[in-house]
Amino acid sequence: MQALRVSCTECGACCAAFRVSFHKSELAHGDVPGVPPAMAVHEVANTMRMCGTDESVSRCVALEGEVGKQVSCSIYPLRPSPCREFGQLAAVGIYEEACNRARSRHGLPPLPVEQW
Ligand code: SF4
Ligand code: SF4
C-alpha cells in the first residue's frame, strides 16, 4: 500500500493547533517588513504571539481556507520564524511527529513520520 502524502496547502493543521510565539523584532517596523503588528498580541517580555493561536479552538488569524482541504497563509513571505522552522521537510514528504499531533486534532489521518 502506498503511504499517504499531502502537501501543506491541503493540510494546514499546524496553523490551527499550536501557539505561535516569536520575538517582537519579527514584527514589521518602519521600512522593515515583518509580521503585521495588527495580527499579533504581546505575550510576555519581548515575545509576541500570532492572534488566534492561544484560543481554546486554536486558529491563526493569518490562516485562510479550510483545514484538511485547501489552505493558505495570508502573510506567507512575512510569517514568523516558528512557522518557517516547523515541518520544513513536509514539502518533500518527510513529516514530523508534531504534524500528526496537529492533524489528529482535526480528525485528519496520520502521515508517515520519518525516523531520524
Ligand atoms: S507542516 Fe505538517 S501539520 Fe503543517 S501543514 Fe504541513 S503537513 Fe500539515
Ligand atoms: S502565520 Fe501563516 S504559517 Fe504561521 S501559523 Fe499563521 S497561517 Fe500558519
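The values are calculated or read from the model by the stated rules, or taken from the named source; none is laboratory data. On a predicted model such as this, the values are computed, not experimentally measured, just so you know. Don't worry about glycine lacking a Cβ; one is built from the backbone with ideal geometry, like all the others, and counts go over all protein chains shown. Areas reflect the complete protein model, heavy atoms only, side chains present, ligands, DNA and RNA absent. Shrake-Rupley method; radii C 1.70, N 1.55, O 1.52, S 1.80 Å.
Below is a table of values for the structure above.
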quantity	calculated
Residue tally, condition more than 10 Å from ligand 2 (Cβ to nearest atom) and under 16 Å from residue 53 (Cβ atoms), over the stretch 20-35	5
Counted residues, the stretch 36-59 - those being among the β-branched types (Val, Ile, Thr) and within 12 Å of ligand 2 (Cβ to nearest atom)	1
Residue match in the stretch 60-69 (condition: at pLDDT 95 or above, on the phi > 0 side of the Ramachandran plot and more than 11 Å from ligand 2 (Cβ to nearest atom))	yes
Evaluation of residue 65 against (1) surrounded by 19 or more Cβ atoms within 10 Å (Cβ to Cβ); (2) within 18 Å of residue 107 (Cα to Cα) (one fails), failing number	(1)
Top-ranked residue in the stretch 70-95 [being open to solvent by 70 Å² or more (accessible area, probe 1.4 Å) and not in a strand (DSSP E or B); ranked as farthest from ligand 2 (Cβ to nearest atom)]	92
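Each row is one residue, and each column tells you yes or no for (1) free of Cβ contacts under 8 Å to residues at least 60 places away in the same chain; (2) under 15 Å from residue 15 (Cβ atoms); (3) touching a helix residue (DSSP H, G or I) at 6+ places or on another chain (Cβ under 8 Å); (4) among the small types (Gly, Ala, Ser).
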site: 45; (1), (2), (3), (4): yes, no, no, yes
site: 69; (1), (2), (3), (4): yes, yes, yes, no
site: 83; (1), (2), (3), (4): no, yes, yes, no
site: 97; (1), (2), (3), (4): yes, no, no, no
site: 106; (1), (2), (3), (4): no, yes, yes, no
site: 112; (1), (2), (3), (4): no, no, no, no
